[in-house]
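The values are calculated or read from the model by the stated rules, or taken from the named source; none is laboratory data. Given the structure is predicted, the values throughout are model-derived calculations rather than measurements. Don't worry about glycine lacking a Cβ; one is built from the backbone with ideal geometry, like all the others, and counts go over all protein chains shown.
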């Protein structure tokens, strides 16, 4: 599948919400409810980060339908690390290798921006995602205390990988 990418903004809110509706299984697992808006996706930042370090990227198909959303922030938790806040793939396109292709690109782009490490936090119940990151060479670095996310409470498993130009 040939997808084109671009940065998402508040102007894309309706498109993002339609995408969220198609991804209800993810939100049931993570939040226990559908998000009411996409404000958090577009604006939330980790501590001590600035908005210029955040990118929310949308991947669109030939019919201009949003199929993948990525949220990344450079320089968190340190200057050399990029954290992936979200990679969410349309259910119709899961298990086709699309996520791996996008992660390849994200890792290469992070290196070109001067980052030497990629980090991701996954809820412990999301076994397919945990397996993906492990297969990609990410190693478990910590487990957080349970934290409330929407109507649910989860521990987050944090994984990291050293990045190199290959």
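Summary of values
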read-out: Residue in the range 60-80 that is surrounded by the most Cβ atoms within 10 Å (Cβ to Cβ), counting only those that are out of contact with any helix residue (DSSP H, G or I) (no Cβ under 9 Å at 6 or more places or on another chain) and closer than 19 Å to residue 119 by Cα; value: 77
read-out: Matching residues, the range 90-105, being surrounded by fewer than 20 Cβ atoms within 10 Å (Cβ to Cβ) and closer than 19 Å to residue 135 by Cβ; value: 93, 94, 95, 96, 97, 98, 100, 101, 102, 104, 105
read-out: Matching option when the condition is touching a helix residue (DSSP H, G or I) at 6+ places or on another chain (Cβ under 8 Å) and farther than 12 Å from residue 158 by Cβ, among 89, 111, 122; value: 89
read-out: Strands (runs of 3 or more DSSP E) contained entirely in the range 75-166, each with at least 2 residues that are in contact with a strand residue (DSSP E or B) (Cβ under 8 Å, 6 or more places away or on another chain), within 25 Å of residue 3 (Cα to Cα) and in contact (Cβ under 8 Å) with a residue 40 or more places away in the chain; value: 81-89, 117-123
read-out: Residue pairs meeting the criteria (Cβ under 8 Å; at least 6 apart or on separate chains; first under 13 Å from residue 123 (Cβ atoms), in the range 11-39; second part of a helix (DSSP H, G or I)); value: 27/20
read-out: Whichever residue in the range 132-166 is in contact with a helix residue (DSSP H, G or I) (Cβ under 6 Å, 6 or more places away or on another chain) and at pLDDT 95 or above and, among such residues, is surrounded by the fewest Cβ atoms within 10 Å (Cβ to Cβ); value: 163
read-out: Hits in the range 1-59 (condition: assigned to a strand (DSSP E or B) and surrounded by 12 or more Cβ atoms within 10 Å (Cβ to Cβ)); value: 5, 54, 55, 56, 57, 58, 59
